[in-house]
Amino acid sequence: MAHKFAVLLDEKRMGAIKGSGLEEKVSSLFGGALQTFILEVPEDKSKQIMDAFDTARIDSRGFITDLPIAFNRTIFEEIAKSKSLGVEALDGVLKRVSEIKKAAAKESESLPPPDIDISDIEKLQKTPRQTG
Amino acid sequence: MGELVIERPAPHGGRLEERVMRDPALGKKLAKGCPVYDIKPTLDEKGVPVRNVYREIMSTCYGFFSPVEGSMKQAEVERILKERRLLNDWVFPYPLVFDLSEEDYKKLGVTSGDRVLLRLKGEPFAILDVEEVWRIDNTEELATKTFGTPEGNPEVVREPFDKKMPGWVIYKSLNPVVLAGKYTIINEPKFKPPFNRFWYPPKRSREEYDKRGWRTVINHQTRNVPHVGHEFLMKDAAYMGDTEPCHGIQVNAIIGVKRKGDYPDEAIVEGHEMVHLGGYIKPERHLVTICLWDMRYGNPLESMLHGIIRQNMGCTHHMFGRDHAAVGEYYDMYATQILWGKGIPSFGFPAPITDVPYGLKIRPQNMAEFWYCPKCGEIAYSGCCGHLKEKQKFSGSFVRGMVAEGVFPPKVIFRPEVYKVIVKWWREFGYPFCNPKYVKEKEERLEVDLPHMEI
């Protein structure tokens, strides 16, 4: 059975595809709050991905999820390189499985947290409503 | 009107068990001269902790599991496996035992009638009054009987259980010797922050409801940081009450052994707290609580335990969704609704467990799912929204992927305050989810510390 895969597009990735023609293929989710590429993954490619990464699963929407972050990063690179959401991008990723696995091993130990201001929640937590 | 009003249910079994000695002098006296056993985690075949019996002792002694008072005798375990009932007839889903190895049993040298002092983190914690010593002949058989089989329980079991099922692994990993008898905590553990803010064992939760003027309370079971879909589930399910919506919405987080990829417990409880600190549900109507338990993921059986825990806490209603407390596809995705809606004869329930003798009194609120509908322009309930092509489902794993990539989730997925709690604990642990390091260290530090006690 064919599945799908969503590649998240933040500002940096949107900037990287500017002028490539890929902008037209961007799908909007959650009322325009999230931009993604939605890839159709044929059954044979889906099986290869599932076999290569033991954390991978198919969620209730039929999307392949729980892949290493390195996989997501690599697939974006391959999409940008091939300017396609087709099997070329998937083939490019599948050729780089060992590289992804190496990066994933490092990422399973530690990931840099986003550099955002959380002082507002720290302030809220200073006056909890439940004190135990 | 009067008969339409729902009153708080009595505890399961008729009264709350509270087996906590609050006078340290008396506790010391009870434990003096007893053989000592240091509590150890249950390890799977790879040596990974899958359970710590201290959590069962806590939840038993503080009344979450009333009317259970301790480690079960052989006859009680056999009755549970056959009929899901305790020896006193009250329904109960799981065997709960204090197990130890033959080697440790030999060293301990106790028998029926003896008392054992149980130490946790090197300090006196509880006593166990041994009433029976028995042996589990085959832990794999016990594990399989605990959760059922496709042949024996065709109404709900779809696949045979195996080592990918955490609950099955827990029972399979038990030691062979069981000391059965009542537990009494003699040295109350102190919860570490942030867990201390959320410790409302049944006696206290009932007092808290009284203080808040809550007669009807609906419980939300969680092991997750709440996304907006969870928040809407809570808000909408709470419209069910009696002549008015439920007065209170209680979140009860199950705190126990973690699996790789789960959110850390600290982020889960503070994430839920942020729902009321951020004002998305008024703090006056929202209470975040915890219960210690190493989840078995037994779907309908786990829902029965959840019903018992929350009825003991004083809740009138309990939300249940699809795939409640489930992992994999071992059970039918609606197995919990089947148990509460019509019963599961092969588990001993020819009728819903609220309609059998010595059954539960808490009312199920079986909910379907919430999704985002761009056409409705809102979070919609699947039972209402007809835009099936346009719907955008909340997928926990998709959301986890977004978090891992460091993408600030849109407000329609995570409230910004809730997401920032994830980031707070990400900075603390160096990772947004439970990785092997977190799992290992958590089982060493636990959620509690114990005051020093000389005996």
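The values are calculated or read from the model by the stated rules, or taken from the named source; none is laboratory data. The structure displayed is predicted, hence computed values, not measured ones. Cβ placement follows ideal geometry from the backbone for every residue including glycine, while neighbour counts extend to all protein chains displayed. The area values use the complete protein model at the heavy-atom level, side chains included, leaving out ligands, DNA and RNA. Shrake-Rupley method; radii C 1.70, N 1.55, O 1.52, S 1.80 Å.
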Do any residues in segment A:49-64 that are more than 7 Å from every other protein chain (Cβ to nearest Cβ) have Cβ atoms under 7 Å from those of residues that are of a type in the set (Ser, Thr, Tyr), where the two are at least six apart or on different chains, and which pairs are they? A:Ile64/A:Ser46
Of the residues in segment B:387-399, those that are at the interface with another protein chain (Cβ under 7 Å from one of its Cβ atoms) and assigned to a helix (DSSP H, G or I) come to B:Ser397, B:Phe398
Of all residues in segment A:51-83, count the ones that are out of contact with any strand residue (DSSP E or B) (no Cβ under 9 Å at 6 or more places or on another chain) and of a type in the set (Gly, Ala, Ser). 4
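A quick yes/no check of all residues on (1) of a type in the set (A, V, I, L, M); (2) within 21 Å of A:Asp59 (Cβ to Cβ):
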site: B:Asn299; (1), (2): no, yes
site: B:Met313; (1), (2): yes, no
site: B:Val327; (1), (2): yes, yes
site: B:Gly343; (1), (2): no, no
site: B:Gly348; (1), (2): no, no
With respect to B:Lys29, is the statement that it is at pLDDT 95 or above, over 20 Å from the mean Cα position of the chain (by Cα) and closer than 17 Å to B:Thr139 by Cα true? no
Of everything in segment B:185-211, what is under 19 Å from the mean Cα position of the chain (by Cα), of a type in the set (A, V, I, L, M, F, W, C) and either outside any helix (DSSP H, G or I) or away from chain A (no Cβ under 11 Å) (or both)? Give them in sequence order. B:Phe191, B:Trp199
Given the structure, is A:Ile75 modelled with pLDDT of 90 or more, surrounded by 17 or more Cβ atoms within 10 Å (Cβ to Cβ) and more than 7 Å from chain B (Cβ to nearest Cβ)? yes
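Would you check if A:Ala56 is surrounded by 15 or more Cβ atoms within 10 Å (Cβ to Cβ) and at pLDDT below 90?
yes
Is segment B:173-184 home to any residue that is within 14 Å of another protein chain (Cβ to nearest Cβ), of a type in the set (Ser, Thr, Tyr) and buried (at least 23 other Cβ atoms within 10 Å of the Cβ)?
no
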Would it be correct to say that B:Val439 is part of a helix (DSSP H, G or I) and within 9 Å of another protein chain (Cβ to nearest Cβ)? no
Say whether the condition of being of a type in the set (S, T, N, Q), at pLDDT 95 or above and in a loop (DSSP other than H, G, I, E, B) is met by at least one residue in segment B:223-233. no
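Mind checking which residues of segment B:11-25 are without any contact (Cβ under 8 Å) to a residue 40 or more places away in the chain and open to solvent by 70 Å² or more (accessible area, probe 1.4 Å)?
B:Asp23
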Restricting segment B:402-418 to residues that are more than 8 Å from chain A (Cβ to nearest Cβ) and assigned to a helix (DSSP H, G or I), the residue that is most open to solvent (accessible area, probe 1.4 Å): B:Pro416
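For (1) within 14 Å of chain B (Cβ to nearest Cβ); (2) over 24 Å from B:Pro432 (Cβ atoms); (3) at pLDDT below 95, each residue gets a yes or a no:
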position: A:Ala80; (1), (2), (3): no, yes, yes
position: A:Lys83; (1), (2), (3): no, yes, yes
position: A:Val87; (1), (2), (3): no, yes, yes
position: A:Lys106; (1), (2), (3): yes, no, yes
position: A:Ser110; (1), (2), (3): yes, no, yes
position: A:Pro114; (1), (2), (3): yes, no, yes
position: A:Glu122; (1), (2), (3): yes, no, no
Failed criterion for B:Ile281 (all others in (1) part of a loop (DSSP other than H, G, I, E, B); (2) over 15 Å from B:Ile218 (Cβ atoms) hold): (2)
Looking at segment B:419-436 only, could you name the residues that are more than 7 Å from every other protein chain (Cβ to nearest Cβ) and farther than 13 Å from A:Ile116 by Cβ? B:Trp425, B:Glu428, B:Phe429, B:Phe433, B:Cys434, B:Pro436
Which one of these does B:Glu3 not meet: (1) touching a residue at least 40 places away in the same chain (Cβ under 8 Å); (2) more than 27 Å from B:Ile255 (Cα to Cα)? (1)
Count - residues of segment B:87-132 that are aliphatic (A, V, I, L, M) and outside any strand (DSSP E or B): 5
Give the residues of segment B:442-455 that are within 13 Å of another protein chain (Cβ to nearest Cβ) and either part of a helix (DSSP H, G or I) or acidic (Asp, Glu) (or both), sorted by residue number. B:Glu447
Restricting attention to segment A:14-31, and to residues there that are farther than 18 Å from B:Val399 by Cβ and open to solvent by less than 50 Å² (accessible area, probe 1.4 Å), which single residue is nearest to the chain's Cα centre (by Cα)? A:Val26
